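The values are calculated or read from the model by the stated rules, or taken from the named source; none is laboratory data. Please read all numbers here as calculations on a predicted model, not as lab measurements. All Cβ positions, even for glycine, are placed from backbone atoms using ideal geometry, and neighbour counts span all protein chains on display.
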Amino acid sequence: MDSTTIQVAIFGASGYSGEELLRLLQRHPSAHVAFVTSRQYAGQPIGTVFPRFAESSLQFCQPDVSAIAPNVDVAFLALPHGLATEYAIPLLKAGVRIIDISADFRLRSPAKYEAYYDEPHPAPELLSQAVYGLPERYRGALKGAQLVACPGCYPTSTILPLSPVLAAGLVDPATVIVSSMSGVSGAGRKVDLPYIFPECNESVRPYKVTGHRHLPEIEQELAIAAGVDEMSINFIPHLVPINRGIHSTIVANARGNVSAEMIGNVLNAAYADEPFVRVLPSGGLADTKHITATNVCEIGYAFDSHTGRVILSSAIDNLTKGASGQAVQCLNITCGFPETTGLL
């Protein structure tokens, strides 16, 4: 390791997002994973939990901030909501940069956090400091940021395709409907009856069709893109029997004389220089098989002249662009590394 290598800790490293972070960071030339925490597996080699890392000498340790903070530059928090803040506060005070994969710092409104997460925000004073970690929209603010709130997977799959179209005034913000499908890894690495193989296989089912916790995050960012104070959308998530991947189909009423060519021009102008957004040619529609284990968001578009509606489709890997890959992308920006480092 040379003097430019940063030292990294992953808090909550034994979940799927933690495993994906380890996969990506172990090939990152400028980041060294010094600590991986897990109360359940403390003292065990990471290879006992994730056999793909059997050759690694790294061991899980207890999440002891006092021992870890003096020895790291950046901490990834792959923890449940609420718990992430408990670690973020002392780590920030110790001067450690935080890249949070939980939901704790995504919402700007403490009231909305309480409404959707059923408890008051544990540190509302930090919300104004957090930078929303969607590089394609907040790259400038991310440079040098000390607290990064990585977007949720469903929000990423919705905000990237729809924001440019809203900003260009091509659709009516009051008519947006988002239907998303997620692989089972989106539920986390746990044993829970609805997510075991016999329950999920040969099954497609919607859930949380009202009040999903990602809804206020999606509405918050879409309202900013549309230039309005508030937006209300229908968000309809589904569980599908694949391990990883999200597909979102977005429908909204067109405004004015819209064509597929106009939609394509707007999307291509927005993402022409983005390394991790792929806008498909006219008539192409997104497919999860094209983005598995990549940090890419694939976007397709169409205009239905029969109904006067714009139709967008997007596909991301929920564990990569929807979580850990995007977190590494944010790491690269905040630390001044080339943005694609470790991701291509």
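Listed conditions (1) under 20 Å from THR158 (Cβ atoms); (2) of a type outside the set (A, V, I, L, M, F, W, C); (3) surrounded by 13 or more Cβ atoms within 10 Å (Cβ to Cβ); (4) out of contact with any strand residue (DSSP E or B) (no Cβ under 8 Å at 6 or more places or on another chain) are all met by PRO275, apart from (1). Annotation note: of SER128, SER163, the sole residue that is exposed (fewer than 14 other Cβ atoms within 10 Å of the Cβ) and of a type in the set (Ser, Thr, Tyr) is SER128. Only residues that are surrounded by fewer than 21 Cβ atoms within 10 Å (Cβ to Cβ), within 29 Å of SER109 (Cβ to Cβ) and within 22 Å of the chain's Cα centre (by Cα) were counted in region 254-272, giving 1.
The lone criterion from (1) in contact with a Gly (Cβ under 9 Å, 6 or more places away or on another chain); (2) crowded, with 23+ Cβ neighbours inside 10 Å left unmet by ALA69 is number (2).
For every residue, the table says whether it meets (1) modelled with pLDDT under 95; (2) hydroxyl-bearing (Ser, Thr, Tyr); (3) within 22 Å of GLY186 (Cα to Cα).
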| residue | (1), (2), (3) |
| --- | --- |
| LEU22 | no, no, yes |
| SER38 | no, yes, yes |
| PRO45 | no, no, no |
| CYS61 | no, no, no |
| SER66 | no, yes, no |
| LEU77 | no, no, yes |
| GLU86 | no, no, no |
| GLU114 | no, no, no |
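With respect to GLU217, determine if the residue is more than 23 Å from CYS153 (Cα to Cα), in a helix (DSSP H, G or I) and among the charged types (D, E, K, R). Against the criterion (more than 23 Å from CYS153 (Cα to Cα), in a helix (DSSP H, G or I) and among the charged types (D, E, K, R)), GLU217 does not qualify. Highlighted here are the helices (runs of 4 or more DSSP H) found entirely within region 40-146 that include at least 3 residues which are farther than 22 Å from VAL328 by Cα and touching a helix residue (DSSP H, G or I) at 6+ places or on another chain (Cβ under 6 Å): 110-117. Is it the case that some residue within region 192-211 is within 30 Å of MET262 (Cα to Cα) and not small (Gly, Ala, Ser)? Looking for residues that are within 30 Å of MET262 (Cα to Cα) and not small (Gly, Ala, Ser), one finds none in region 192-211, hence no.
With the condition kept exactly as written, say whether any residue in region 315-329 is of a type in the set (Val, Ile, Thr), closer than 27 Å to ALA145 by Cβ and assigned to a helix (DSSP H, G or I). Checked against the condition, which is being of a type in the set (Val, Ile, Thr), closer than 27 Å to ALA145 by Cβ and assigned to a helix (DSSP H, G or I), region 315-329 yields at least one hit. In region 222-237, the residue that is surrounded by the most Cβ atoms within 10 Å (Cβ to Cβ) out of those that are in contact with a strand residue (DSSP E or B) (Cβ under 7 Å, 6 or more places away or on another chain) and not β-branched (Val, Ile, Thr) is PHE235.
Close Cβ contacts (under 7 Å, 6 or more residues apart or on different chains) running from residues in region 230-251 that are of a type in the set (D, E, K, R) to residues that are part of a loop (DSSP other than H, G, I, E, B) comprise ARG244/GLY183; ARG244/THR292; ARG244/ASP317; ARG244/ASN318; ARG244/LEU319.
Out of curiosity, is THR334 surrounded by fewer than 16 Cβ atoms within 10 Å (Cβ to Cβ), of a type outside the set (A, V, I, L, M, F, W, C), within 19 Å of the chain's Cα centre (by Cα) and not assigned by TED's automatic domain parsing to the domain that holds ASP172? Taking the combined requirement at face value, the residue does not satisfy it. Going through (1) assigned to a helix (DSSP H, G or I); (2) surrounded by fewer than 20 Cβ atoms within 10 Å (Cβ to Cβ) one by one, VAL251 falls short only on (1).
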